[in-house]
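Right, one structure below, let's go through it.
Here, each number is a calculation from the coordinates, and none is a lab measurement. This structure is a prediction, so every number in the text was calculated from the model and none was measured. With ideal geometry, Cβ positions are generated from the backbone for all residues, glycine too; neighbour counts draw on all protein chains shown.
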Amino acid sequence: MRIERLEAIPVEIPLLRPLKMAVATVDARTCVIVRVRTSDGVVGIGESMVARYFSGESLASATDLINGVLADAMQGRDAEDIAGLRSLMRRITVHNNAARAAVEMALHDAAAQSAGVPLYDFYGGRRREAVPTIWHVSGGTPSSMAEEAATAVDTGFTLVKVKVGGDVHHDIAATLAVREAVGPDVTLLPDANQGWDHGDAMRYLRAVADARPGFVEQPLPRWDLIGMARLSAESPVPVAADEGVFDAHDLRNALAVGPVGAVVAKLMKAAGPIGVRELFAVADAADVGVHLAGMAGQTSLGAAHAAHLALAVPNLRFGSGISPHYISDDVVEERFLPVEGHLHPTPEPGVGVKIDEDALSHYRTDR
């Protein structure tokens with residue numbers, strides 16, 4: 001099964017409402033959709049959300065890289081040699097993790113379709129019946145954030161992510177209000193998106209300890225491995241690495257510096273499913289709990305890919321953050337959305353979602 005064509009399609013889809021983070025406020029998501037066509041007539045699809053503030057890539061740079069350098073290099077190669085193609089992409093690019101992830105996801109979809117199995121079986125078989133995912137609350141008053149979180153829990157969500165990392169006093173009040181509103185059994189996952197210095201981070205961690213967060217995500221800048229290790233050693237709650245740990249190599253480096261309370265895995269960070277599974281292997285060996293996240297507002301394509309992987313990985317201690325339910329529309333025939341806070345990948349071969357060509361044409365940015 002040879003690669004006949006590799007194609008990247010850039011899209012931009014509005015969010016249902018703006019998402020406020022410490023590093024940016026966004027009202028739309030830019031994603032690159034990838035299709036790989038093979039000599040056997042199989043078409044594999046993948047998707048990565050692309051954001052300069054996260055990986056340094058832009059929609060234009062990811063699209064250009066895939067349609068140019070990667071398409072030329074991969075033309076005619078064995079589509080089922082995914083590990084070899086991953087190594088090739090790594091050799092001829094520098095970083096570009098989101099672009100490479102979308103290509104590798106499309107290759108996995110094509111290979112699973114060719115084998116006649118759903119992706120979760122291609123990854124070794126399902127370890128759970130469904131994938132719990134999160135509801136984000138951000139950008140409001142403590143009372144409005146608490147009200148929104150309580151409504152989400154009433155519909156079945158058991159994990160709530162609270163966007164923090166700004167004014168620490170507001171963030172403490174919001175976190176405590178959300179905990180009171182959702183009760184003791186919901187997993188609370190505050191996410192600071194690198195928003196604090198060490199003093200404010202420790203002030204927040206101590207103030208919310210009684211609210212028992214599952215972890216507090218990336219309080220310090222991504223480059224501050226020493227600071228994150230100090231926080232992990234001193235904090236009364238686990239401190240999770242996100243922007244500071246992209247792949248297994250980063251996690252090994254972080255563990256060499258000091259303790260890691262938890263880690264957030266993402267397809268777009270680890271440059272695809274192989275990288276995510278490598279990260280899980282290191283985390284499992286070090287007994288570090290993992291949260292398999294997406295990006296709020298990813299399409300159903302990327303969400304379904306992540307959910308198949310989440311069914312198969314062994315260590316999902318902190319659930320998932322796969323979040324297609326924040327975009328106002330999608331590029332698939334039938335949206336892949338959580339039901340009562342859980343995602344249920346299809347048993348059809350491959351990723352199991354189909355592109356809506358009209359919607360894809362409507363939202364593409366290069367038309």
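The Cα-based radius of gyration and maximum Cα-Cα distance (Dmax) for the chain are 19.6, 59 Å.
Report the FRET efficiency, 1/(1 + (r/R0)^6), for VAL69 and ALA24, where r is their Cβ-Cβ distance and R0 is 35 Å, rounded to 0.05. Please list the in-between numbers first.
Working: r = 28 Å, r/R0 = 0.80.
The formula returns an efficiency of 0.80 here.
Qualifying trypsin sites (Lys or Arg not before Pro) in segment 79-169, where qualification requires a DSSP coil assignment and no more than 15 other C-beta atoms within 10 Å, comprise ARG127, ARG128. Each residue of segment 51-62 is assigned a 3J(HN,Hα), and the resulting list reads 9, 4, 5, 9, 10, x, 8, 10, 4, 5, 5, 5 Hz, derived from the Karplus form 6.51 cos²θ - 1.76 cosθ + 1.60 (θ = phi - 60°), x at Gly and Pro.
Multiplying the residue separation of ASN253 and THR141 by 0.36 nm and removing their Cα-Cα distance gives an extension gain of 36.5 nm. I need the shape label for segment 56-157. Rule: rounded when a/c is under 1.5, else prolate if a/b > b/c, else oblate, with a, b, c from the alpha carbon gyration tensor. Oblate, since a/c reaches 1.5 and b/c is not below a/b.
Taking TYR204, TYR326, TYR53 as the candidate residues, the one with maximal mean-square fluctuation in a Gaussian network model of the chain, Cα springs under 10 Å, is TYR53.
For segment 225-278, what is the charge dipole size about the Cα centre, in debye to the nearest 20, if Lys and Arg each add +1 at the Cβ and Asp and Glu each add -1 at the Cβ? Working shown, then result.
Numbers: 5 positive and 6 negative charges, 16 e Å.
For this selection, approximately 80 debye.
The length gained by stretching the chain between ARG206 and ARG52 to full extension, at 0.36 nm per residue less their Cα-Cα distance, is 52.2 nm. Farthest towards the positive end of the charge dipole of segment 50-141, among the residues ALA99, ALA62, THR133, is the Cα of THR133, using unit charges on the Cβ of Lys, Arg, Asp and Glu.
Could you tally up the Lys pairs in the chain with alpha carbons closer than 20 Å? Skip any pair fewer than 8 positions apart unless they're on separate chains. Can you show the working numbers first?
On the way: LYS20/LYS161; LYS20/LYS163; LYS20/LYS266; LYS161/LYS266; LYS161/LYS269; LYS163/LYS266; LYS163/LYS269.
Taking the chain as the scope, the lysine pair count is 7.
Centroid-to-centroid, using Cα positions, segment 187-254 and segment 283-301 are 16 Å apart.
Residue separation times 0.36 nm, minus the C-alpha to C-alpha distance between ALA285 and ALA83: what's the value? Let's see the in-between values first.
Details: separation 202, 0.36 × 202 = 72.72 nm, distance 2.21 nm.
Roughly 70.5 nm would be gained on extension.
Taken about its Cα centre, segment 121-343 carries a charge dipole of about 500 debye when Lys and Arg each add +1 at the Cβ and Asp and Glu each add -1 at the Cβ.
Work out the length of the dipole vector of segment 166-243 about its Cα centre, built from +1 on the beta-carbon of each Lys and Arg and -1 on the beta-carbon of each Asp and Glu, and round it to the nearest 20 debye.
200 debye
Computed from the Cβ-Cβ distance with R0 of 22 Å, the FRET efficiency linking ASP329 to ARG364 stands at 0.95.
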